[in-house]
1. Once Lys and Arg get +1 and Asp and Glu get -1 on their Cβ, which of B:Pro233, B:Gln150, B:Val200 lies farthest toward the positive end of the dipole of chain B?
2. Enumerate by residue number the trypsin sites (Lys or Arg not before Pro) in segment B:151-205 meeting two conditions: DSSP loop (anything except H, G, I, E, B), and at most 13 other Cβ atoms within 10 Å of the site's Cβ.
3. So what is the diffusion coefficient of segment A:109-198 in µm² per second by Stokes-Einstein at 10 °C and 1.306 mPa s, using a Kirkwood Rh over Cα pairs?
4. What size of dipole, in debye to the nearest 20, comes out for segment A:1-123 about its Cα centre when the only charges are +1 on Lys and Arg C-beta atoms and -1 on Asp and Glu C-beta atoms?
5. Total Lys pairs in chain A closer than 23 Å by alpha-carbon, pairs eight or more apart in sequence or interchain only?
6. Please give, to one decimal in nm, the separation of the simple spin-label points placed at A:Gln45 and A:Ala113, each 7 Å out from Cα toward the Cβ.
7. Whole-Å semi-axes of segment A:38-251's equivalent ellipsoid, largest first, each the root of 5 times a Cα gyration tensor eigenvalue?
8. Please report, in whole Å³, the volume per residue of the convex hull around the C-alpha atoms of segment B:68-132.
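What follows draws every value from the coordinates through simple rules; no lab data is involved. What you see is a predicted model; the values in this text were computed from it and never measured. All Cβ positions, glycine included, derive from the backbone under ideal geometry; neighbour counts span all protein chains shown.
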Amino acid sequence: MKTKEKSLALGVGVLAVLSVFLVWYFAASYTKVSLFFPTPQRVFQRFVESLTVPIGKYTLLMHVLYSLKRVFIGFGLSSITGIILGVAMGYSKTVNAIVRPIFNIIRPIPGLAWIPLAILWFGIGETTKYFIIFMGGFANIVLNSFDGTNKVNPTLVGAAELLGANKFQIFTNIILPSAIPYIFAGLQVSLSTSWMAVLAAEMISSYEGAGWIINMGMNTGDTVLILVGMISIAIIGFALANIMRVLERRLCSWTERGK
Amino acid sequence: MDGKGKITVRCKDLCKTFYAKNRKQDEENEVIRNLNLEVRENEFLVLFGPGQCGKTTILNLMAGLVEPTSGEIEVNGKKVDGPSKDRGMVYQTTALFPWMSVMKNVSFGPRMQGVKKAEWKKRAQYYIDLVGLTGFEDSYPVKLSGGMQQRVGIARAYCNDPDVIFMDEPFGHLDAQTRYLMEEEIEKICSKEKRTVIFVTNNVEEAIYLADRIVVLTDMPTTVKKEYMIEIPRPRDYTSKQFLSLREEITQCVEISGTFEEAGHGDE
């Protein structure tokens, strides 16, 4: 029954995607849209071609790797600092009382709004991009880590105390593990905002990266190139989300959601 | 029972009042008033009382998780101030650590005290076998049924080798069938592993089936109403004459004062 439903859903999904491509194909081939909208074959051809023929300085793969490197550095920094700060806020009322007001002022500002300031502060080099990506993901990680730490079940803490665990053991054995699912939810959202932030940063100032490809396409009126860039962005975004999901399943196999 | 012996737990004039800030005025909720109780070593004591009469609060006080308003609690002559590994607890709904396997849950106490791995493994395995969970060492609690989870909770408490184990309506959430099974099980465990157990319940049958002594509690503010020594030989038969007449007697004892319970106090 279950597998039947699954295969049905898969079939319908494939049909839906196919029909989108068909509409795209006919619209791009036989209507006026074709002026600004290349056919799927042309995009596909260009995509394959770009893997070997450089766009600007690098091939498509290198551009994507550049973007990925930036995301990993920016997201890595925001993860580490965000988790530490969020957990500290959740664990200690004092830390929360001090940090919370400052955090609340910064939180509603979207990461992208930092771009102009970042450029003035750090120029148009890599630091600016790391900073923008960092700001894009930071708040979410802090909030989720705080939530997870703060929502630890007091009964479990009491149970651990009665079994002779000291403060440090309770922190590492009870509070941190119970916060992990929350932290992961935060990381997942932040990774996708980081991916968005890197594209924005690259579109504004860079000489390489997936964002640069799109921008280049716009500047040269090359719609095929824009679509190639967009497709590679979609593929990477999809892959990143799935990697996170697999990691989550590994680390949170004890939750209802895990398995 | 031999009638005398070492006193393990002693409550002297124990009082607990919860103060809650309500919208307009401060609310006072007197849960326990002048409770005196002595529990002997290796005794199975059942605290039996109507609905929500502060039984959980009494356990939390004795465990050191809640501070008394006045009065004193001593365990083995030492005054209780805060939770300690000398006192174990089996919870109403399981308070297992969901991110730890059965083995890691049961061995938690010894592991935290720095017991060597070979040693805690052996000890935990013994108790896992004792509660009948052999083969489930690596399962996570989420995969176990309610009854199995309670077995893990019981094994966890025993494995830490406390002086006294508190059991807070541990079978209250199980279906009737599992409940009978668990009552038999706990009796077996207790006859094998002699410990002082203080067991809270609002089920008369469970109380008579398990107890060496039943302490009947009053409504809130709770204090001791009456005590029954249960001398029916074990294993006890739910349908024997002695059992049924005792059941009648205790039920009546509770019903005389039986008023409708109030909601919203210390019982979590």
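1. The one lying farthest along the dipole's positive direction is B:Gln150.
2. B:Lys194
3. Estimated via Stokes-Einstein, D reaches 107 µm²/s.
4. Here the size comes out at about 160 debye.
5. 10
6. 4.6
7. Calculated on Cα positions only, the semi-axes equal 41, 20, 11 Å.
8. So the per-residue hull volume is 141 Å³.
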